[in-house]
Amino acid sequence: MKLQIAAVTAIAAAIAVTYAPAFGFAFLNWDDHAVILQNPSLEFPGVLTWAFTTLHMQHYQPLGWLAWAAIKSAFGLDPVAFHAANVAAHLACALLVWMVGRRLLASAIPATPAPWREAAAVCGALLFALHPLRVEVVAWISALPYSIALALTLASSAAFLRSASTESRRPPLGALALYAASLLARPVALGFPLVLVLLDTCLFKRSLRVAAARAWPFAALAAVATVAESIARAPGLNDTSWTYRLQSAATAPFIYLSHTAAPVGLTPLDALPLEPSASPGLLLAALLGLAGLSIAAWLGRRRWPAPAAGWAAYLVLLAPAAGLVPSGLQATADRYTYFPDVVLALLVTGLAVWWAGQSTRRFRLVAATLVVLVVSSSLASRKALAPWTNSVSLWARVVALDPTQDAGLYNLGTALSAEGRNNEAAARYREALAANPAHADAQANLNRLDAIRLEREGNDLAARGDLAAAADRYGRAVGLDPARTHAQAGRGMALANLGRGAEAIPPLREAIRQGTDDPSVPSALGVLLLQAGQRREARTVLETALARHQDDVGLAHNLARLLATGDGIEREDAAIALRLATAVVSATAERDPRALDTLAVALAANNRLTEAAAVNARAATLARALGDAELAVQITARGREYRVPGQQ
């Protein structure tokens, strides 16, 4: 028991030390937004139904969705909580690798001293858990379903191994239930039933018939999960040629084995070529290599059963992600090794301690070598964690390894833009377009950033009074990004102030359609429409805006003016105009000659001509006092209309 407590403590401490920086990482602009931050479906109780019916993100993973929903419900959108869940799930996987390793080693090499086997199981768990290939699953919040699925698969393995000592030909129900749960977390372990056959035949010496009988319910579950996942992934399947797919599948084992042996230059995104094409020489070499190793494993299965079974298990666990049915834009990914590398870790440590035999000297050499590997893996993983700190550092790493990758450049531009570093973002978008001129999203985002720049230039020009140049900049901005509401409004207002009302109306209309919150825009549009003879639309614009901005003096003034002028004024409209005009005069403390003039017009519309004339006179006097002689003349001219018969 003391050894077991020490083993658990060592594994937990090693993972804590290695992956502690992950607790301070942010959400990434790589699926995290769509999965969590911008996913309103992750709310109880609705998520209980949604999780089991959705194919969101082109995966069927109900338990994964429920896990994220539970974290969100308990801790909100705190990235620390989500990263803690990833680390905790990975720790659970490591402990289960140790537990499964203990059982496997006890059955495979019973003659080896028990303490040595215990040490080998711990080292196997650590080699798996601390390897740099694990960083993606631990550091990337959206990869949580992988560790949940592996933990459940390993728990199923442990339950299956416990039943192996019995003579029962029936599959253990507990193992079956855990495997079903694993497939519901993420259907990754589709080759697991074949692994169970290998365990039964190679380790426990059952006949193939008995092994198949024990494994077929697992295979049935895997088949159902395969169908569900295939339906989910169908929209994202690539149209690459079958020869290229075959090449990807044939080379995948060698690529991942090389990354396991020498984890250098690992990239978060190994993207497919823009125009994938197979290399006949590479395809032939990969197929011959696979065939050669597999034949050698088969021929040596009696003398070397562990390597033969390990090779077969590695292949069947890797097969679903090997690239034969590619979806998305990734050629390879570190997370695809999460399941098959359990086999490698336990195989390496098992063979090492088997080689030591009863020799203390050999065991010491093995132990020292494994310790060096574990420590080296931990240090390498700590270093590999750094790029996953935030979106900018992540994509900067991708671009550093492949400066011409359009996907990496685009995502880096998006991350820089989110931080307000627009000039740097625009440069990355241009590089992405140089690599892939057909990258529509990069072009759209570059247009958006150029539009922002032009809009700012328009603002500066408008502030300096250069309205013609401002209107030009605003026009160029909306030409690149018609959704720039401020630029639409700015162009319309500049043109209106330049006296180009007919040109100003369309952008002002569009700004209102887009939901501008500036009341001066509908106020100006209402005046221009009235001047253009579009009285009905002008009234609708002003009334709608005033309902939204009830305290805006300009809107109230212009609507009052509209209602109080024209032919055939309705009595109700005249009353509304008077009420609005009175409120405007009060709001301006009777110091605005235009407001007083509109009040006079409203009084006249209500047949209160004597009061209208008096207010008109006050308005004209105030205009002259403020130095606006032209306005005073206009107001005085209107005042003549308010004189009653016989009045001088």
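Tell me yes or no: at least one residue of the range 160-175 is farther than 27 Å from GLU229 by Cβ and among the acidic types (Asp, Glu). Give the derivation first.
The first filter runs over the range 160-175 and keeps only residues farther than 27 Å from GLU229 by Cβ, leaving 162-170.
Cutting the leftovers down to among the acidic types (Asp, Glu) gives us 167.
Within the range 160-175, one or more residues are farther than 27 Å from GLU229 by Cβ and among the acidic types (Asp, Glu).
Filter the range 38-91 for residues that are within 25 Å of SER327 (Cα to Cα), out of contact with any strand residue (DSSP E or B) (no Cβ under 7 Å at 6 or more places or on another chain) and open to solvent by 30 Å² or more (accessible area, probe 1.4 Å) and give the result.
GLN38, SER41, TRP50, PHE52, THR53, LEU55, HIS56, MET57, HIS59, TYR60, LEU63, LEU66
Within the range 293-321, which residues are surrounded by 15 or more Cβ atoms within 10 Å (Cβ to Cβ) and among the basic types (Lys, Arg)?
Result: ARG301, single match.
Is it true that some residue in the range 97-112 is of a type in the set (Val, Ile, Thr), in a helix (DSSP H, G or I), in contact (Cβ under 8 Å) with a residue 40 or more places away in the chain and surrounded by fewer than 24 Cβ atoms within 10 Å (Cβ to Cβ)? Walk me through it before giving the result.
Keep residues of the range 97-112 that are of a type in the set (Val, Ile, Thr), which gives 97, 100, 109, 112.
Add one more test, that the residue is in a helix (DSSP H, G or I), and what stays is 97, 100.
Narrowing the set further to residues that are in contact (Cβ under 8 Å) with a residue 40 or more places away in the chain leaves 97, 100.
Now narrow it down to the ones that are surrounded by fewer than 24 Cβ atoms within 10 Å (Cβ to Cβ): 100.
Yes, that holds for at least one residue.
Can you say whether ALA331 is modelled with pLDDT under 95, crowded, with 21+ Cβ neighbours inside 10 Å, within 30 Å of ALA396 (Cβ to Cβ) and touching a strand residue (DSSP E or B) at 6+ places or on another chain (Cβ under 9 Å), as far as the supplied structure shows? So that I can check it myself, show each step before the final result.
On the way: modelled with pLDDT under 95: yes; crowded, with 21+ Cβ neighbours inside 10 Å: no; within 30 Å of ALA396 (Cβ to Cβ): yes; touching a strand residue (DSSP E or B) at 6+ places or on another chain (Cβ under 9 Å): yes.
No.
So which residues in the range 389-448 are without any contact (Cβ under 8 Å) to a residue 40 or more places away in the chain, part of a helix (DSSP H, G or I) and of a type in the set (Lys, Arg)?
ARG428, ARG430, ARG448
Which pairs have Cβ atoms under 6 Å, sit 6 or more apart or on different chains, and link a residue in the range 267-292 that is touching a residue at least 24 places away in the same chain (Cβ under 8 Å) to one that is open to solvent by 50 Å² or more (accessible area, probe 1.4 Å) and of a type in the set (S, T, N, Q)?
Matching pairs, first to second residue: ALA278/THR243.
Within 16 Å of ARG335 (Cα to Cα) and not small (Gly, Ala, Ser): which single residue out of PRO305, PRO235, PRO276, PRO268 fits that description? If you could, list the steps in order and put the result at the bottom.
On the way: PRO305 fails: within 16 Å of ARG335 (Cα to Cα); PRO235 fails: within 16 Å of ARG335 (Cα to Cα); PRO276 fails: within 16 Å of ARG335 (Cα to Cα).
Within the list PRO305, PRO235, PRO276, PRO268, the selection yields PRO268.
What number of residues in the range 448-488 are within 25 Å of ALA418 (Cβ to Cβ), among the small types (Gly, Ala, Ser) and touching a helix residue (DSSP H, G or I) at 6+ places or on another chain (Cβ under 7 Å)?
4
Taking the range 120-152 only, how many residues are in contact with a Ser or Thr (Cβ under 8 Å, 6 or more places away or on another chain), open to solvent by 10 Å² or more (accessible area, probe 1.4 Å) and not hydrophobic (A, V, I, L, M, F, W, C)?
Matching residues across the range 120-152 total 1.
Within the range 263-292, can you find the residues that are within 24 Å of ARG134 (Cβ to Cβ) and either exposed (fewer than 10 other Cβ atoms within 10 Å of the Cβ) or of a type in the set (Val, Ile, Thr) (or both)? Please lay out each step first, then the result.
Taking the range 263-292 as the starting set, the residues that turn out to be within 24 Å of ARG134 (Cβ to Cβ) are 263-272.
Scanning the range 263-292 gives VAL264, GLY265, THR267.
To keep it simple, each residue is scored yes or no on (1) touching a Ser or Thr at 6+ places or on another chain (Cβ under 8 Å); (2) farther than 22 Å from ALA252 by Cα; (3) open to solvent by less than 20 Å² (accessible area, probe 1.4 Å).
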{"position": "TYR338", "(1), (2), (3)": "yes, no, yes"}
{"position": "VAL353", "(1), (2), (3)": "yes, yes, yes"}
{"position": "ARG364", "(1), (2), (3)": "no, yes, no"}
{"position": "VAL375", "(1), (2), (3)": "no, yes, no"}
{"position": "LYS383", "(1), (2), (3)": "no, yes, no"}
{"position": "ALA386", "(1), (2), (3)": "yes, yes, no"}
{"position": "ALA407", "(1), (2), (3)": "no, no, yes"}
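Could you tell me which numbered condition GLU43 fails, if it satisfies all but one of (1) assigned to a helix (DSSP H, G or I); (2) without any contact (Cβ under 8 Å) to a residue 60 or more places away in the chain; (3) in contact with a helix residue (DSSP H, G or I) (Cβ under 9 Å, 6 or more places away or on another chain)?
With (1) assigned to a helix (DSSP H, G or I); (2) without any contact (Cβ under 8 Å) to a residue 60 or more places away in the chain; (3) in contact with a helix residue (DSSP H, G or I) (Cβ under 9 Å, 6 or more places away or on another chain) applied to GLU43, the lone miss is (1).
The values are calculated or read from the model by the stated rules, or taken from the named source; none is laboratory data. Nothing here was measured: the structure is a model prediction, and the numbers come from that model. FYI the Cβ positions are ideal-geometry reconstructions off the backbone, even for glycines, and counts take in every protein chain you see. Protein only, heavy atoms only, side chains kept; ligands, DNA and RNA dropped before computing areas. Shrake-Rupley method; radii C 1.70, N 1.55, O 1.52, S 1.80 Å.
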